[in-house]
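The values are calculated or read from the model by the stated rules, or taken from the named source; none is laboratory data. It should be emphasised that the depicted structure is a prediction, and the values quoted were computed from it without experimental measurement. With ideal geometry, Cβ positions are generated from the backbone for all residues, glycine too; neighbour counts draw on all protein chains shown.
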Amino acid sequence: MAPVADKKGLVVARFPGTAIPWAHTIFGSSAFILAFLVGCYAHYHKIVKNGVAGYPEEWFPSVSATTGDYYPERNLCQIFIALTSGPRLALCALWYLLIVRNVPANGSKGFAKFLFVNDVIRTIACGGWVYVTSTDDHDVHDIAMFVYLICTIPHVVGTMKTAPQNPKAHRYRSIFAYTFFGALIPMIYYFIQHNVHRIPGAYTYYAFFEWSLILSDLAFDAICMFDFNTFEIRVVDVGATSGSSATNDLKTYGGEQSFLASLGQIKPFEAISFVSDVYLSFIFWSMLTSLPLMIWYFPLWHMGISGYEAFLFCNVTVVLLGINFLRRGIERYNGFVHLLSLVGVASYRILDPAQRLMAVAAGVSLSLLTWGATLFGQRHQNGRAERGVLTLALGLILHNVVKQAWWANNPIWPIMNENNGGQNMVGLVLGVLAAVQVMLRQEPGSDEPKAIESHKKGESWLLAAIGAGGYLFCLHSMFTDSTTISRWSLGGYPNTGPQPVPGGLMVIAAMAAGLTLSSKRRWVTSLIWWVIGTAGLAVLHFKEGDVGFAGGILFTVYALSLFPTMFRSLTRQPPGRTFLLAMLVYNFLALAHVWVVAYAFVPGGEPMREHTDYVLIAMQTTILLGIFNANSDAWKAVSEAKSRSGFSAARLYTKLSLIGLMLGSIGICYNRLPKSAPQPHHPEHKLITAGIWTIHFAIDNDMWNSEIRMRDAIRDLELDVIGLLESDLQRIIMGNRDLTQFLSEDLNMYADYGPGPTKHTWGCTMLSKFPIKRSTHHLLPSPKGELACAIHATLDVYGKEVDVIVSHNGQEEDLLDRRLQTTELGRIMRESDNPFLFLGYVVTNAGKGNEIYDLLMDGGHVHDIEVADWDRWCQYLAFRGVKRTGYARISHGGITDTEIQVGKYTLLDDHPTTWDKSQSIEDFKKEERYQLIAESQVPEGLRFPSIFKGQGIRKHRFHVFDDARYYA
């Protein structure tokens, strides 16, 4: 059929034909992917349960259960399916036009019309089984699904027969058609196994093939991108003349070619170069985040200013970028300088902590100089400049994904080694290969000096430096670990907000979304967008649980959308003074970020006490100044026309990288899903083994990460409940780590992180083999000294409620604080009706007559686990309403400076569930039974493991009493 000429008029907009299948694929896949992620987070155990079995036999949800049973996943799916309907119908129409275009003038269009009607019916049937769920009307749901599947047969066959001759498209269509129809056979088989033979677990396998149908179906229709590559959709104003001057403002959407078509133009060496830059960016972020963590080791052991804090200022060497010949030399030989900077990664071979810190500081300094010189040299070559900042951003996201795989630790940090899960040598070898690849490139040099005066046209070096410094602090403090946002927003059970899985995946997805949005420079540098981002940050800071986390996700998108704008604005200024001021602003905010919790250990720290809000206000103000500067006329003067190919390649590789990183994060989260519910070690005795341990932020005495050895000790002691003190690691000085997620997942325990980073404490965590029914996070009264934190949790212990307190009280210097804090702990314990276990840190000598000790034991109406243990100073175990059977102190094994205290208790069936609060403390104390017995009189399941006797294991052994104690 000959083409029909358009009416004359003004073309006001045009879209590539590939926009329709793109929209269909994005909306359609989002409907199911979002429903799956939200469903697994919100109702995992409900959506995997069916009429035959539940978790753990059934552990993967079906499509119908995921998309049709619960709010909000059902509604998310329906909203995105509604958005998909428009592109779906447009696809039907476009395919009809594609077919009739090739029909001879005297030919029949009957098959084209049949296929069009079939596809429209198929679309309506899809709406039928999505919007009428099996819960609403099982028959209507099944009929709509049957019609959809029947219509799919002519849709697939007809599409393949009428498609234009394109070998690549035909090959992909064949693959997805075979996978679609091939999955029906095993799907039907497993459905029979489930529905007829009622075999537990069969429905999980059925669900896999059901989901594969959805993916194959969407992928089959996505191949239309190849066929519509030559189509263009125009919006024509037929009331205007084609010669109107307004045609000069014609806007084209979607570029000159589709994303899939662009894949064929990838050049292997160019792709390898891009990957190398992303990895070197990952190296940069790894060294930058490890530096404060290693500095922290020294004031931690000095309990105050150590002098090593000066290494934070190693970044001021960026002032050397102001020396032209030095900067150009670094840029020209940037691969070699990258290679030298790897001393920061290789430093893990240095045993002495101080020397290791010096090597890391050198690596950070060299890496900053290299990236600064490179980005500055590219400032007027927009293709290369865009590529540079995008690789720097992708390295940050890669840093988050890698830390997600290592439970918030980076495997190439100098605190890691082959004994605690590190992959330092692998990281070092990859870094050397990436640096060598940079050396092998032949890239154009930087601009000549006469061409670098554009900063005088409207931008301010002062504002650019302030903005970049504040922005770098923002990235470092909040976006160098995917769990930071969830830990900022956590509350007590059940309002905890998202756990690291899948909360970390959501954060990484938000980071990817923000970087994708970064190309909309006019929007991301607008005041409205800054207000929206600031509102999200405020919600994160002031609200707990899901609401706070949602605010954090919004702020994540906002923050990453600024990445190219902020760093490119920085590199368009005089490099020496601009980079120097940026680093000083970053250092100032980093110190303030520490002072809000460490005020008691630094001179003049009191004004910053508990004032994270001050830090956030300063951070957002600096960012506002930066985006105001970046939105100036000088920025608009940058011409992108000269580097269009560079932009296209960088964005293509960025899209592919983001897809790869998201798939990697999804795989990591899937691998970390719990395989079974936690179980106590000795349920046959109704035993509770509980302990307390101050773990010094999971950095051992020799500056190595200690989580692996901590896990081994907790496992070997068969602890059912343990309180971990000094456990909040979500700060710059602790590396934004999270020991809680590793220990809870590896030991298969429930976890309560305790008061989060915005509560300004050193942290307390509770791990439990028993379900946590509810918990409250307390900030104990602290009018003068450091804040004291506590977790008051109610556990389901063998069907009975048992309360547990984990607390970390203040220091010896502040007697009033210790009095008030211990009085409050006593009140909480005294007012509880349930049996009670106290696991805490209370700075006082043991024994009757010591004020703080009496406030705790008598004020809380609890019994000290071992009154004869006079050698205690800070850690105490106490109990009420359970039977004490054993007590032991186990040496710390070089992990910290504090031993592990462990008590064993049994829950008696005939014990009352409440206690008599009217009872006097004297009568209460008379009830305490205290009779030591020999280990031989104790059943095997109630004994402490014998591996801790004598010299013990891994330097952990019984001490003080040289053995465990047992009680009748």
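Quick check on my filter: what residues within region 47-84 are of a type in the set (Lys, Arg) and either over 22 Å from His197 (Cα atoms) or buried (at least 21 other Cβ atoms within 10 Å of the Cβ) (or both)? Listed by number, the list holds a single entry, Arg74. Against the test of being of a type in the set (Lys, Arg), closer than 30 Å to Leu908 by Cβ and not assigned by TED's automatic domain parsing to the domain that holds Ser482, the options Arg715, Arg672, Arg651, Arg711 yield a single qualifying residue, Arg715.
A quick yes/no check of all residues on (1) farther than 22 Å from Gly859 by Cα; (2) modelled with pLDDT under 95; (3) among the polar types (S, T, N, Q); (4) not in a loop (DSSP other than H, G, I, E, B):
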{"position": "Phe879", "(1), (2), (3), (4)": "no, no, no, yes"}
{"position": "His892", "(1), (2), (3), (4)": "yes, no, no, no"}
{"position": "Lys904", "(1), (2), (3), (4)": "yes, no, no, yes"}
{"position": "Asp910", "(1), (2), (3), (4)": "yes, yes, no, no"}
{"position": "Thr913", "(1), (2), (3), (4)": "no, yes, yes, no"}
{"position": "Asp916", "(1), (2), (3), (4)": "no, yes, no, no"}
{"position": "Gln919", "(1), (2), (3), (4)": "no, yes, yes, no"}
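Output yes when any residue across region 564-575 is over 20 Å from the mean Cα position of the chain (by Cα), surrounded by fewer than 19 Cβ atoms within 10 Å (Cβ to Cβ) and not β-branched (Val, Ile, Thr), and no when none is. Within region 564-575, one or more residues are over 20 Å from the mean Cα position of the chain (by Cα), surrounded by fewer than 19 Cβ atoms within 10 Å (Cβ to Cβ) and not β-branched (Val, Ile, Thr). All of Asp814, Asp803 fail the test of being farther than 29 Å from Tyr966 by Cβ, without any contact (Cβ under 8 Å) to a residue 60 or more places away in the chain and surrounded by fewer than 24 Cβ atoms within 10 Å (Cβ to Cβ), apart from Asp814. Residue count for region 433-460 satisfying the condition of being loosely packed, with under 15 Cβ neighbours inside 10 Å and modelled with pLDDT of 50 or more: 10. Residue count for region 303-315 satisfying the condition of being more than 30 Å from the chain's Cα centre (by Cα) and either buried (at least 17 other Cβ atoms within 10 Å of the Cβ) or within 13 Å of Asn587 (Cβ to Cβ) (or both): 2.
Residues are listed down the side, and each one gets a yes or a no for (1) of a type in the set (Lys, Arg); (2) under 27 Å from Pro21 (Cα atoms); (3) in contact (Cβ under 8 Å) with a residue 12 or more places away in the chain:
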site	(1), (2), (3)
Val156	no, yes, yes
Asn166	no, yes, yes
Ser174	no, yes, yes
Tyr189	no, no, no
Ile199	no, no, yes
Ile214	no, yes, yes
Phe220	no, yes, yes
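Looking only at residues in region 826-848 that are among the aliphatic types (A, V, I, L, M) and either part of a strand (DSSP E or B) or in contact with a Leu (Cβ under 6 Å, 6 or more places away or on another chain) (or both), which one is surrounded by the fewest Cβ atoms within 10 Å (Cβ to Cβ)? In this case the residue turns out to be Val842. Restrict the check to region 777-799 and report whether at least one residue is in the same structural domain as Tyr930 (by TED's automatic domain parsing), more than 24 Å from Phe944 (Cβ to Cβ), assigned to a loop (DSSP other than H, G, I, E, B) and in contact with a Lys or Arg (Cβ under 6 Å, 6 or more places away or on another chain). The answer is no; no qualifying residue exists.
If we scan region 936-956, do we find a residue that is within 14 Å of Glu866 (Cβ to Cβ), touching a Phe, Trp or Tyr at 6+ places or on another chain (Cβ under 6 Å), hydrophobic (A, V, I, L, M, F, W, C) and surrounded by 13 or more Cβ atoms within 10 Å (Cβ to Cβ)? No; the residues of region 936-956 include none that is within 14 Å of Glu866 (Cβ to Cβ), touching a Phe, Trp or Tyr at 6+ places or on another chain (Cβ under 6 Å), hydrophobic (A, V, I, L, M, F, W, C) and surrounded by 13 or more Cβ atoms within 10 Å (Cβ to Cβ).
Counting only strands (runs of 3 or more DSSP E) that sit completely within region 672-758, zero hold 3 or more residues that are polar (S, T, N, Q) and closer than 24 Å to Met287 by Cα.
Condition check ((1) in contact with a Pro (Cβ under 6 Å, 6 or more places away or on another chain); (2) more than 19 Å from Pro674 (Cβ to Cβ); (3) part of a helix (DSSP H, G or I)) across all residues:
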residue: Ala42; (1), (2), (3): no, no, yes
residue: Lys49; (1), (2), (3): no, no, no
residue: Ala53; (1), (2), (3): yes, no, no
residue: Glu57; (1), (2), (3): yes, no, no
residue: Pro61; (1), (2), (3): no, no, no
residue: Tyr71; (1), (2), (3): no, yes, no
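Annotation note: of Glu899, Glu927, Glu922, the sole residue that is touching a His at 6+ places or on another chain (Cβ under 6 Å), assigned by TED's automatic domain parsing to the domain that holds Ile695 and closer than 30 Å to Ser832 by Cβ is Glu899. When Thr525, Thr516, Thr556, Thr534 are screened for being surrounded by fewer than 22 Cβ atoms within 10 Å (Cβ to Cβ) and closer than 30 Å to Gly383 by Cα, only Thr516 passes.
Of the residues examined, Leu581 is not one that is in contact (Cβ under 8 Å) with a residue 12 or more places away in the chain, under 26 Å from the mean Cα position of the chain (by Cα), crowded, with 20+ Cβ neighbours inside 10 Å and in a helix (DSSP H, G or I).
Touching a Leu at 6+ places or on another chain (Cβ under 8 Å), closer than 29 Å to Val602 by Cα and either charged (D, E, K, R) or surrounded by 22 or more Cβ atoms within 10 Å (Cβ to Cβ) (or both), is that true of Val360? Yes; evaluated as a whole, the condition is true for this residue.
Picking from residues in region 761-800 that are on the phi > 0 side of the Ramachandran plot and out of contact with any strand residue (DSSP E or B) (no Cβ under 7 Å at 6 or more places or on another chain), the one that is surrounded by the fewest Cβ atoms within 10 Å (Cβ to Cβ) is Gly799.
Yes/no per residue for (1) over 20 Å from Val524 (Cα atoms); (2) β-branched (Val, Ile, Thr); (3) not in a loop (DSSP other than H, G, I, E, B):
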{"residue": "Leu591", "(1), (2), (3)": "yes, no, yes"}
{"residue": "Val597", "(1), (2), (3)": "yes, yes, yes"}
{"residue": "Met619", "(1), (2), (3)": "no, no, yes"}
{"residue": "Leu625", "(1), (2), (3)": "no, no, yes"}
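Candidates Pro72, Pro61, Pro87: the one that is modelled with pLDDT of 85 or more and over 29 Å from the mean Cα position of the chain (by Cα) is Pro87.
Against the test of being surrounded by 24 or more Cβ atoms within 10 Å (Cβ to Cβ) and not basic (Lys, Arg), the options Leu490, Leu472 yield a single qualifying residue, Leu490.
Residue-level check: of (1) within 24 Å of Trp530 (Cβ to Cβ); (2) surrounded by fewer than 19 Cβ atoms within 10 Å (Cβ to Cβ); (3) not β-branched (Val, Ile, Thr), Phe601 misses just (1).
Determine, yes or no, whether Leu663 is within 19 Å of the chain's Cα centre (by Cα) and surrounded by fewer than 24 Cβ atoms within 10 Å (Cβ to Cβ). It is true that Leu663 is within 19 Å of the chain's Cα centre (by Cα) and surrounded by fewer than 24 Cβ atoms within 10 Å (Cβ to Cβ).
Checking each residue in region 957-968 for being exposed (fewer than 15 other Cβ atoms within 10 Å of the Cβ) and among the hydrophobic types (A, V, I, L, M, F, W, C) picks out Phe961, Ala968.
Does region 676-686 contain any residue that is surrounded by 20 or more Cβ atoms within 10 Å (Cβ to Cβ) and among the aliphatic types (A, V, I, L, M)? There is no residue in region 676-686 that is surrounded by 20 or more Cβ atoms within 10 Å (Cβ to Cβ) and among the aliphatic types (A, V, I, L, M).
Give me the helices (runs of 4 or more DSSP H) completely within region 180-289, filtered to those with at least 1 residues that are modelled with pLDDT of 85 or more and over 30 Å from Met478 (Cα atoms), ordered by residue number. It comes to 202-222, 224-227.
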